[in-house]
Structures are given as C-alpha cells and as structure tokens.
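Since the structure comes first, as structure tokens, the remarks are kept for the end.
What follows draws every value from the coordinates through simple rules; no lab data is involved. Small disclaimer: the values here were computed from a predicted structure and weren't measured. Note that we place each Cβ from the backbone using ideal geometry, even for glycine, and neighbour counts take in every protein chain shown.
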Amino acid sequence: MIEDMNLFWVGFFIFIIAMLALDLFVFNRKAHEIGVREAVKLSIFWIALAVAFNVLVFLTMGSQKGLEFTTGYIIELTLSVDNLFVFILVFGYFCTPKFCLHKVLFWGILGALVFRGLFIFVGVALLEQFSWVIYIFGAFLVFTAIRMAFGHDKKIDPKKNLAVRGFRKIFPVTDDYHGDKFWVRAAGTGALMATPLLVTLIFVESTDIVFALDSIPAILAITTDPFIVYTSNAFAILGLRSLFFALSSAIAAFCYLKYGLAVILGFVGVKMLISGFVHIPVWASLAVIGVVLAITVAASLYKNRGRDTCPMPEEK
C-alpha cells in the first residue's frame, strides 16, 4: 500500500508539472489580457480535470476516499472564491496592468502549492501526534465563522502588510511597471531593482498564507489523508486563476457568499468539536455543504436580478 501511495504521489506531481507547463508555455505563452470567454473555457477545463481525477480516486481508492475528495474540493473551491475579493482589491490598489494579472496569479499559485503542502503535512502530523489539536482547529473555525457572519472579515491592508513592508526595506522598488518584468536594471547605475509587479506578487502570496489558516483546518475536518487533502487543495488552486477572470466582473453579485462560507466553516468547526462523541459521515457533510451553497447562490442571484455587477477596478 505504501508503494502504491508513493506511485500516486509521483504521478500526481508529474501531472501538476505537466499542467503548469501547458498553462505557461501553451495557453499563455505570451502575456495578454484574458477575456471572459477564454476564462470560462479554462475554468471548465480545470473543473473537468478535477472531476476526472475524482473519478480516478473513486476507482482506485474506493468510494470513501472519492467522497472525501469531492467534499474537500468543493470546500476549497468555495473558500478560494472568497480570495477573489482580495485579488480585486490588491490589483486595484497596485494598479496592476491587466495583461500582467495572469503572470502574477500563476507564480502566486505556484507558491501556494508549496506553502499549503507544508501546512497540510504539519496539520496532519499534529493531529496524528496530538489528537486533542482537532478541538483547537474546531474552535478556531467556529470563531472565524462568527467573525465572518458579523462582518469582521480579515483586514487586508496593502499599506500594513508585513511581507511587503519588509521587502521594500531590503530591495529598492521602481515607481513604474516595466511590462511584465519582476526585476529590472536601473538606468545609469545598473543596480537591480524590483518592480511593483513583484511587490504585488509578494502581497498575493502572503495573503494566501493567511487564507490557508482557514481552508486547511476546514478540510482536515473531512479527512486527514494527506494525499486527499493536498490534491483537493491543488485542484481548487489550479482553477482559481481562470475563475478570477471569469467572475471578476460579476463577483459583487454573490452578496451572500460570506454568510454561506460562515455557515460552512461553522459546520466543519462543530464537526471537529463533537468528533469525539458524534461521527458525521462524509456524505452528510457533502450534503450540508451542497445545500448551503445552493441556497447562498440562489439568494444572491435573486437579490441582484436585473442589476449591473461591479467590474474590477480600472487601471489608474
């Protein structure tokens, strides 16, 4: 079984590398502004890959693991949509040129795959060594859900971001963008300088770490299998770029999304807190999450029927 799992891991990483290479060197070989139609096609492509992988998990690892992947993927994809609000704020604040957005998201997601992998293995190791940690995770999710429901979301302020402030103290940053370059040489001195595009990337990366503090404990309430946790995270992250371009002009329509996310986080938090006394099967968790999402989306669309959605901030 261990050898089989090693093959699964190796095969999955080969697949990820191949998909990232396809995205970088085929789909987006040249920097360009991604339109809604292209983004929708790419979103369908990434979701279809996740579904195909889910079927593979069902066939090779059994229905239990298959349901765990399905539930984990839906949770992670839903929580990832919440990231889109932050991306819109960040790109508007830094006045990021639209043709550079894909490059920032590509490298940001590549970093997220690494950092979330570290968080996942640390989280799983903690739960295996100290079973009582599950109650800490559960309480944290319930607390986060209450804050989200009552409007106390994470404060994302680019001016106060520690990673950005620390980077600016170490490296000089140009005033203007230089195409899609992260680094340039200063005219005259030849000194290496970072561009605002690199600062934007650092901010995106650091905020993803903050969001991972919610998403990783949430999926650990469903399963502690590191392969299922990581792969469901990875597929949700891989599809996030195209989802951003597909939904950026309509994201404001999902006005009740944060309440749905609050209910989902609260549910998985309670699931963790009562895990020592009551076992909630994976299929029941999937059903609850599906119903909450359906109600949230339907209520949001009903409220905003006939209204114009808010587009992504224009470049200054």
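Details
- Helix-only mean residue ellipticity at 222 nm for the chain, each DSSP H run of n ≥ 4 adding -39500 (n - 2.57), per residue, nearest 500: -23500 deg cm²/dmol
- Chain lengthening between Phe140 and Leu59 when straightened (0.36 nm per residue, less Cα-Cα): 25.7 nm
- When the P(r) is computed for the chain, the part past 34 Å accounts for 24% of the Cα-Cα pairs.
- For region 43-126, the alpha-carbon radius of gyration amounts to 1.35 times the rule-of-thumb value 2.2 N^0.38 Å expected for a compact globular protein.
- In plain terms, if you count all Cα to Cα distances in region 71-186 and split them into 5 Å steps from zero, the share in each step is 2, 8, 11, 18, 20, 15, 11, 8, 5, 2, 0 percent.
- Within region 53-155, chymotrypsin sites (Phe, Trp or Tyr not before Pro) in DSSP loop having at most 14 other beta-carbon neighbours inside 10 Å: Phe130, Trp132, Phe150
- For the chain, the longest site-free run once GluC sites (Glu not before Pro) in DSSP loop states with at most 16 other Cβ atoms within 10 Å are removed: 34-313
- Helix 36-61 and the long axis of the chain differ in direction by around 30°, with both axes built from C-alpha atoms.
- Links that overshoot a 27 Å alpha carbon limit, given the list Lys41/Lys103; Lys65/Lys103; Lys160/Lys258; Lys41/Lys98; Lys160/Lys181: Lys65/Lys103
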